[in-house]
Amino acid sequence: MLRTLVLPISHSPGTSSSLRETLDILKPLAGRATEALPPALFLVILGAQSEDVPHVDLDAELAASVCDLLAQIPRPIIGVAKGRISPRGAQLLGSCDRVLACDDAHFLEGPSERLGAVQTVPAGSLGCEMAVLAHCLERLSSAKLASMKSNFLCSKVLQMMKPKVSDTSVRSAKDELARAEALVPDAKGRARRRSSRASQAYSIKEEENEEDLEECLSEATTTSSGRGLELEFGDD
C-alpha cells in the first residue's frame, strides 16, 4: 500500500537545494496515473524558530514551479506551517488544499488570502495530528480521496470569498456599540418616567371611577328610599 508523502521545505541557507529536491520528487508524480499516486502529500514549511535567525526567503522561481506541480496532482495536499513563514512559504501553503499551522507559526507578512481556513494545532501535537490524518487518508479509496480533495477545494474557495472586515469597519462597529450602550440608561430612564406617568394616570382614573361608583350608589340608594316611601303612602 502506498504511504502518505511528506515533503519538508526549510527556510535555511540550503533552501534552494530543498526546493530542487521537492521539484525532483513532484515532477514524476504529476505524470502518474491516479492509482499510482500516494494517498496524500504533506508539504511542511519549516521556518526559523527565533527572530535572532536571519530571515531567508525561498527562491521565487523554484517556489512557483513547485506550486504549478502541486496543482497537477489530484490528491489531497496538506500544508503544514511551523516557525516564521516567509511570503514564498505562504505562497506554497496557498497551493495546498488544507493548512495545519503550529501555534508557534508566524507569517512575516500576514497569511496569504489563498490559504483559506487555517487549522491551528499545538506544537506538541503536530506530529500526532499529521500521523492520524495520514492514517485516515491511507485507508480511503481513490474515489473518496478525490471527493475529499474536491471538498477541500470548495471549502477553501468559500473561505476566500468571505468579505474581509477592515480595521476601520471594526472601529466603526465598536463606536456604534458604545453609543448604543450609552443610550441604554437614557432609554431606561425614559421608560421609567413613562411608566410612572402611566401609573399616576391609572391611579387618577381609578379614583374617578371610585367616585363615580360612589355617586351612582348614592343616587340608587336615594331613589330606592323614595320609592319605598311612595309605596308606603299608597298602602294607606
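The values are calculated or read from the model by the stated rules, or taken from the named source; none is laboratory data. From a predicted model like this one, the values you see are computed outputs, not experimental measurements. Cβ sites come from the backbone with ideal geometry, for glycine too, and all protein chains shown count toward neighbours.
Quick look at the values:
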read-out	value
Residue match in the range 102-116 (condition: within 22 Å of PRO39 (Cβ to Cβ) and among the polar types (S, T, N, Q))	no
Search result, residues across the range 91-110 that are in a helix (DSSP H, G or I) and out of contact with any helix residue (DSSP H, G or I) (no Cβ under 7 Å at 6 or more places or on another chain)	none
Residue match in the range 28-38 (condition: outside any helix (DSSP H, G or I), modelled with pLDDT of 90 or more and among the hydrophobic types (A, V, I, L, M, F, W, C))	yes
Failed item in (1) touching a Pro at 6+ places or on another chain (Cβ under 8 Å); (2) buried (at least 16 other Cβ atoms within 10 Å of the Cβ); (3) at pLDDT below 90; (4) among the β-branched types (Val, Ile, Thr), with VAL44 passing the rest	(3)
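Each row is one residue, and each column tells you yes or no for (1) out of contact with any Ser or Thr (no Cβ under 8 Å at 6 or more places or on another chain); (2) assigned by TED's automatic domain parsing to the domain that holds SER150; (3) of a type in the set (D, E, K, R).
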{"position": "GLN49", "(1), (2), (3)": "yes, yes, no"}
{"position": "ASP57", "(1), (2), (3)": "no, yes, yes"}
{"position": "ILE78", "(1), (2), (3)": "yes, yes, no"}
{"position": "LEU93", "(1), (2), (3)": "no, yes, no"}
